[in-house]
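The values are calculated or read from the model by the stated rules, or taken from the named source; none is laboratory data. Quick caveat: nothing in here was measured; it's all calculated off a predicted structure. All Cβ positions, glycine included, derive from the backbone under ideal geometry; neighbour counts span all protein chains shown. With ligands, DNA and RNA removed, areas are computed over all heavy atoms of the protein, side chains included. Shrake-Rupley method; radii C 1.70, N 1.55, O 1.52, S 1.80 Å.
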Amino acid sequence: MLPDRTGFIVWVSDLKAARALERFGTVHYMSRKLHYVVMYMNADKVEESLKQMSRLSYVRKVERSYRAEIPTEYSKDSEDKTRFYSL
């Protein structure tokens, strides 16, 4: 079974040094323009990894991603009005 994963946005000052973040988890995306890294790590190792990442000189700020908490299942409570607008 797959382990629970948690997403993080890590704001960095040096993208070349940010490649070293792969030792904490999986780097999904690196933004060259805005200098941030989107990464995923196992939920059971989050606390110790955040402590180690915050000590790094090139890490400015670490934010937790709330994407997993956003509901992605939608219900159709109202009827579809597009069928009434026919030509």
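Given +1 at the Cβ of Lys and Arg, -1 at the Cβ of Asp and Glu and no other charges, the dipole of the chain around its Cα centre is 560 debye to the nearest 20. If R0 is taken as 35 Å, the Cβ-Cβ distance between K76 and D4 corresponds to a FRET efficiency of 0.70. Accessible surface ranking for Y74, Y29, Y36, 1.4 angstrom probe, highest first: Y74, Y29, Y36.
Angle check, please: helix 46-55 long axis (alpha carbons) against the longest principal axis of the chain (alpha carbons), in degrees 0 to 90, nearest 10. Here the helix axis deviates by roughly 60 degrees.
Each Cα pair of the chain feeds into the Kirkwood radius, which the Stokes-Einstein equation turns, at 20 °C and 1.002 mPa s, into a diffusion coefficient of 140 µm²/s.
Over the chain, with the other protein chains present, what is the accessible area per residue in square angstrom, probe 1.4 angstrom?
86 Å²
To put it simply, the accessible area of the chain at a 1.4 Å probe is 50 percent carbon and sulfur. Taking the Cβ-Cβ separation of S65 and L15 as r and a Förster radius of 22 Å, what is the calculated FRET efficiency to the nearest 0.05? E between S65 and L15, to the nearest 0.05, is 0.70.
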